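> Mind looking over this structure? Questions follow.
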Amino acid sequence: MMKKIGVLSLSILCLTTLISCEEDFSDIATNIVDNNKFLTNQIDLEIEIEEVDLESVRADNIGTTISEYWLGVYNSGDYKKIEGSFISQLGLASNLKTKDVSPAENETVQSLKIDSTFILDQVILKLPYTATNIGFYDDRQPKFKLDSILGDTLKPVNLTVYQSETFLNSLDPNDPSQSNSFPSNYNYLQGNILSEEVFLEPRAVDTMLVVTRHHANGSTFKTEEKLEPVTGPFLAIPLQIETMKELFWDKFYDTEFSSEELFKDYFRGIIVKAQGEDGSMVPLTLLGQASVDFYYTITRQEIKEGEDVLTHKDTVPSKYSFPLAGVKNSIYAMSPATTPPPDNNFLIQGTAGTMASIKIKGVSLEKIKQEDSENPILIHQDKDSNQDGYLDLQELASIKDETNNNLGLLVNDAMLNFYVNQTVNPNSYILPQNLLLYTTDAEDSPIQLSDTYREPDYYGGNLLLDEQDNPENYSFRITDHIANVINGNSSDNNPLILKVYNPTDDPTTNGVLNINVSTYNWNPRGVTLLNNDEQSHGTKRAVLRLTYSERK
């Protein structure tokens, strides 16, 4: 038996629909509850499903907050291979210096007693993983679990960090009064390779970096570096010290480092690129703790009272952090799936994967005649004005009772189910946990179905499990949308679009309604669904099931 989320009783649904759609009809409650004046019927509306291949999605953080940037390679075989990379500007660190402004000069300046030597030790790109604290080890050190990893973590993924030669402008260069945007397949100019050879091998125990420090006399020592202020696992990518010294360290006193604006024009950002045939992909947190860190050591010497030579005072391990701040954009390099989907199945995949167009054909009159010749809908078969053998939504809307104030069909419930192919997708945890169903307006712009914000508790879209906790189906209750068409409040006959849900798809944010659906998507998961073929799938075929009432 399938687990259900929020099911209304028929009488309440009928009452709700009548109040919202037929407010001029009297004696509503009595007629629905005792059912003496209304006939209630259930019919299936046939649908057609067509996959929509995506070339790109919007992936920048201009005007919004991106919660996850995926890095790595995910190649399941059943869906498009994803090589997930990203680009980011850097913020300017403060109080940059590589020497004392007025160092002590032996024998000549006795008023300044301390001299300092700055040595650049190491440059690290630090990228925090998304992780959950699951307890503590015996030594009371926190234990973590990496969140949402896809693929095989035992297969290393090649990573390369490039200097970006593309300026990430937050304003549209052609119209500076408008915000800019970057698609996920934008072609960036790659400059210097900044990284040493490095591979992505995500591990929850990577919570510390050991940095080799250098004294002025040539000796070394080590320090342990962790995330601050919140401890957690992170990816540490060593950058080429000589290249970073030339680009940054040796120029700290130059004009390019005198302001944020000049710095971002001089150093336009980093591109962190993942490449490979297989491996794993992991979401990163790039808010707050992600940075390019310059680890350096200050050896301080002093002239003690009564002496005229410098002697060692102390050694100070230090760090400059250039945060990953400003414009960022995810980069998705997509390759075709190696395994075609089974016959009469279709794919839904996030990022620049695939969506599906769902066309509502209507009630098949021939099918009804063969399987249920007494079905009351057949008394309206003359409404098939285009003679295609179907009563579509507009033709159902034309059914009016002229003797009863042109009262038409009253939609009680409209449910659209998409069943998961459990052979391809036996594990629920790697599937999209939510899908979104939306429509388009007269200008073909994507907009929310009214059910998402008028009936959010009953709309659905969640992945439902069967009694054995296997992935079962995604269920959508779109009663309000269908009722608006059938009662004449809407003429929308556009196909519905099915996609992987993204956090930016919520119609209400902080109490403000926005019915537009953006093209953002940073969820790389995919699912294989059964299509509308009844011979192949029987009761698990995709179909729009409609319950309605009409005056007897």
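> Could you name every one of the strands (runs of 3 or more DSSP E) located completely within the range 308-394 that has at least 3 residues being within 28 Å of GLY526 (Cα to Cα)?
Numbers: elements: 310-323, 328-335, 345-349, 354-364.
Answer list for the range 308-394: 328-335, 345-349, 354-364.
> Out of the range 506-526, which residues are of a type in the set (Gly, Ala, Ser) and farther than 15 Å from THR64 by Cβ? It would help to see each step written out before you state the result.
Within the range 506-526, the first condition is being of a type in the set (Gly, Ala, Ser), and the residues that meet it are 511, 518, 526.
Across the range 506-526, the qualifying residues are GLY511, GLY526.
> Also, quick follow-up: Looking at PHE167, PHE136, which one is in contact with a helix residue (DSSP H, G or I) (Cβ under 9 Å, 6 or more places away or on another chain) and aromatic (Phe, Trp, Tyr)?
Details: PHE136 fails: in contact with a helix residue (DSSP H, G or I) (Cβ under 9 Å, 6 or more places away or on another chain).
Testing whether each residue is in contact with a helix residue (DSSP H, G or I) (Cβ under 9 Å, 6 or more places away or on another chain) and aromatic (Phe, Trp, Tyr) leaves just PHE167.
> Checking LEU286 against (1) at pLDDT 95 or above; (2) under 30 Å from LEU159 (Cα atoms), which test does it fail?
For LEU286, the failing item is (1).
One line per residue, one yes/no per condition, for (1) among the basic types (Lys, Arg); (2) in the same structural domain as ALA236 (by TED's automatic domain parsing); (3) in a strand (DSSP E or B); (4) crowded, with 17+ Cβ neighbours inside 10 Å:
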| position | (1), (2), (3), (4) |
| --- | --- |
| ASP139 | no, yes, no, no |
| PHE144 | no, yes, yes, yes |
| LEU154 | no, yes, no, no |
| ASN158 | no, yes, yes, no |
| TYR162 | no, yes, yes, yes |
| LEU168 | no, yes, no, yes |
| GLN178 | no, yes, yes, no |
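> Here is a further query. Tell me, yes or no, whether the range 306-324 has at least one residue that is closer than 28 Å to SER184 by Cβ, surrounded by 21 or more Cβ atoms within 10 Å (Cβ to Cβ) and not charged (D, E, K, R).
For the range 306-324, residues closer than 28 Å to SER184 by Cβ, surrounded by 21 or more Cβ atoms within 10 Å (Cβ to Cβ) and not charged (D, E, K, R): present.
> Would you be able to say whether some residue in the range 277-295 is part of a loop (DSSP other than H, G, I, E, B), in the same structural domain as THR212 (by TED's automatic domain parsing) and touching a helix residue (DSSP H, G or I) at 6+ places or on another chain (Cβ under 8 Å)?
No - not one qualifying residue is present in the range 277-295.
> Also: Hey, any hits in the range 353-360 for a residue that's closer than 22 Å to ARG545 by Cα and in contact with a helix residue (DSSP H, G or I) (Cβ under 9 Å, 6 or more places away or on another chain)?
yes
Residue-wise test of (1) modelled with pLDDT under 95; (2) touching a strand residue (DSSP E or B) at 6+ places or on another chain (Cβ under 8 Å).
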residue: THR243; (1), (2): no, yes
residue: PHE257; (1), (2): no, no
residue: PHE267; (1), (2): no, yes
residue: ILE271; (1), (2): no, yes
residue: SER291; (1), (2): no, yes
residue: VAL309; (1), (2): yes, yes
residue: ASP314; (1), (2): yes, yes
residue: PHE322; (1), (2): no, yes
residue: ASN344; (1), (2): no, yes
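> All but one of (1) surrounded by fewer than 16 Cβ atoms within 10 Å (Cβ to Cβ); (2) of a type in the set (A, V, I, L, M); (3) within 25 Å of GLN42 (Cα to Cα) hold for ALA442, so report the exception by its number.
For ALA442, the exception is condition (3).
> Let me ask something additional. With under 30 Å from ALA236 (Cβ atoms), among the aromatic types (Phe, Trp, Tyr) and in contact (Cβ under 8 Å) with a residue 40 or more places away in the chain as the only criterion, which of PHE346, PHE322 stands out?
Details: PHE346 fails: under 30 Å from ALA236 (Cβ atoms).
So the residue among PHE346, PHE322 that is under 30 Å from ALA236 (Cβ atoms), among the aromatic types (Phe, Trp, Tyr) and in contact (Cβ under 8 Å) with a residue 40 or more places away in the chain is PHE322.
> Counting just the residues of the range 479-519 that are of a type in the set (A, V, I, L, M, F, W, C) and out of contact with any helix residue (DSSP H, G or I) (no Cβ under 9 Å at 6 or more places or on another chain), which one comes out farthest from GLY461 (Cα to Cα)? Quick ask: steps written out before the conclusion?
Step one: of the range 479-519, the residues of a type in the set (A, V, I, L, M, F, W, C) are 482-483, 485-486, 496-498, 500, 512-513, 515, 517.
Going one step further and asking which of them are out of contact with any helix residue (DSSP H, G or I) (no Cβ under 9 Å at 6 or more places or on another chain), we end up with 497-498, 500, 512.
On the way: ILE497: 13, LEU498: 10, VAL500: 10, VAL512: 21 Å.
Restricting to residues being of a type in the set (A, V, I, L, M, F, W, C) and out of contact with any helix residue (DSSP H, G or I) (no Cβ under 9 Å at 6 or more places or on another chain), the top hit is VAL512.
> Could you check ALA414 against (1) closer than 29 Å to TYR474 by Cα; (2) in contact with a Gly (Cβ under 8 Å, 6 or more places away or on another chain) and say which number it fails?
For ALA414, the failing item is (2).
The values are calculated or read from the model by the stated rules, or taken from the named source; none is laboratory data. Since the model is a prediction, treat every value here as computed from it, not as a measurement. Glycine also receives a Cβ, built like all others from the backbone with ideal geometry; neighbour counts cover every protein chain displayed.
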